[in-house]
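Enquirer: I have a structure I would like to understand better, so I am pasting it below and will then ask my questions one at a time.
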Amino acid sequence: MFERLQERFESIIKKVKGHGKLTEDNIKEALRDVRVALLEADVNYKVVKEFLDKVKDKAIGQGVLTSITPGQLFVKIVYDELRELLGGSNVPLSFSGPSPHSIMLIGLQGSGKTTTAGKLALFLKKKGRRPLLVATDVRRPAAIDQLKKLASQINVPFYSDSKLASLKEYAIKSYCDVLIIDTAGRLHIDEELLSELVEQKNVLSPSEVLLVLDGMTGQDAVNIAKAFDEKIGVTGFILTKLDGDARGGAALSIRATVGKPIKFIGTGEKLDAIEQFHPERIASRILGMGDIITLVEKAQEAFEERKAKELERKLKRDEFTLEDFKEQIIQLRKLGSLESVLSMIPGFSKFKKIVKIEETEKELKKMEAIINSMTKKERLYPHIIDGSRRLRIAKGSGTTVQDVNELLRKYSELKKMIKSLSKGSFKGFGSKIPFP
C-alpha cells in the first residue's frame, strides 16, 4: 500500500535524522523532498502547499525537546499533519433512524462497487449485523448475477428490483437490519445516472451514501468525488484497489478537497479484504512505522479463541501434531497475503527485498498440500511415515520425497522447540506458533 510514497518518505526521514540539529535550511531541504514525493503521488497541489506550510510552521517554531532527537521531532510533526490530512480519526458508519438502515453504494462502472458491496456485507455480518444485498442496476444483468453470487458465497439474503417499492417489507420479513444497495454505474458521469441516484436516495432516506472510488486513479478520483457530492451529497468514501500500485493521491487529497471522510479501503480481491479507514494507522504505514494495531485485529479475527485454548492445552501436554501444524498454516493464510501482513510490521520495507515472500508463500502452500496427502493416522503419529509412505505422500501432493522429508524435519524441530518452552509459561502462546 503506497509503496513508492513510503520509500520516498523513509529516504527523507533518514536524511533528516542524519543532521545534528534541525535548522531552517535543512527543514526547507526536507520539505522540498516531501513536496516532490507528494506531487509524484498525484496529491492535489493546493493540498500539498497547505500541508507543507503547516509542517514548516511547526518545525521551525519548535525547540528541540529534551527527550527527543531533531529527526524524531520532524517525524512526529509530519506524522501529525499526515494524520490530520487523512481525516484525523476513524469515522464509523452511521446507523441513524429506524431499522432497517440503508447504505447506498454509488460510483462509476469499474470502480469495484459490486465486489465492495459483498465485502461490506461480510464485514457487517461479522460485526453481528444482518445485511441484505440489493441489486438495482437492471440494465446490467451481469452486475445482478455477480451480486447474487456474492450473496450466496457469504450466505446473506439477496434482492433485486430497481423500483425498490417492496424492499423494506422484504428486508423485515428476512430479519435484515442493514440494506446494502448496489446502484447503477456508468463509464462516466451523466445526468440520467445522477437523476436516478437522487430518486433512489429520496425513496430510501439512507443512513449512508458511500462513493466507491478506484484508489489508483489519483486526482481523477477527487474530481469524480466532487461531481457526485455536488449532485447527490455523499457521506463518505470507500477506496478500492489499494493493494495494487496505488500512489496515494486520492487518499491524501480527498478529505481536504471534498470535506467528507474515507470510511473503508479495499486491500485485495478476497471478500474479507476490506478495512475500516484509520487515518493514524495509514499515516504510520506511509512513514514506514508499520501498523501493529491492524495486524493484531486481523490476528484476533483469524485465530478463534476456542482453537487457541485447545492448542495451548496440546502444547502443554506435548501433543502438537501435523494436523495442528496444518491448522496454524491455514490460520496464518487467513490474515491475508504474506506481504500485506509483513508490511504492517515497522521497518519491513528495509528488508523487504531480502525476504523472499513469494517463495515463502509457495512453501506454505506446499506444506499444506503434503499434510493433506497424509492419512489421519499419519498426521497424528508422524513416526510411522516410512520410505514407502513418503513416496505415496509425495505423489499425492505433487511434490518430491525431499519436500516431504523437509516438512517432517521442520515439524520435528518445531516439536523440540515447543518441548523446551514447555518448562516456562504458555500464557498467550496459543496462536503464535513460529514457522521455520
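The values are calculated or read from the model by the stated rules, or taken from the named source; none is laboratory data. Because the structure is a prediction, the values reported are computed rather than measured. Neighbour counts run over all protein chains shown; Cβ positions are idealised from the backbone, glycine included. When the accessible area is computed, the model is the full protein with side chains, heavy atoms only, and any ligands, DNA or RNA have been set aside. Shrake-Rupley method; radii C 1.70, N 1.55, O 1.52, S 1.80 Å.
Enquirer: Quick check on A225: is it open to solvent by less than 10 Å² (accessible area, probe 1.4 Å) and under 18 Å from the mean Cα position of the chain (by Cα)?
Expert: Judged against the criteria, A225 is not a match.
Enquirer: Name every residue in the stretch 158-177 that is under 20 Å from I232 (Cβ atoms) and exposed (fewer than 12 other Cβ atoms within 10 Å of the Cβ), in order of residue number.
Expert: The answer is K163, and nothing else.
Enquirer: Inspect all residues belonging to the stretch 127-141 and state whether any of them is among the charged types (D, E, K, R), touching an Asp or Glu at 6+ places or on another chain (Cβ under 8 Å) and open to solvent by 20 Å² or more (accessible area, probe 1.4 Å).
Expert: Checked against the condition, which is being among the charged types (D, E, K, R), touching an Asp or Glu at 6+ places or on another chain (Cβ under 8 Å) and open to solvent by 20 Å² or more (accessible area, probe 1.4 Å), the stretch 127-141 yields at least one hit.
Enquirer: Now, a different point. Among residues belonging to the stretch 178-214 that are of a type in the set (V, I, T) and touching a Phe, Trp or Tyr at 6+ places or on another chain (Cβ under 8 Å), point out the one that is surrounded by the fewest Cβ atoms within 10 Å (Cβ to Cβ).
Expert: I189
Enquirer: Wholly within the stretch 295-398, which helices (runs of 4 or more DSSP H) include no fewer than the required count, namely at least 2 residues that are open to solvent by 40 Å² or more (accessible area, probe 1.4 Å) and at pLDDT 85 or above?
Expert: 357-372, 376-380, 387-397
Enquirer: Could you check how many residues of the stretch 9-47 are touching a Gly at 6+ places or on another chain (Cβ under 7 Å) and open to solvent by 70 Å² or more (accessible area, probe 1.4 Å)?
Expert: Of the residues in that region, 1 qualify.
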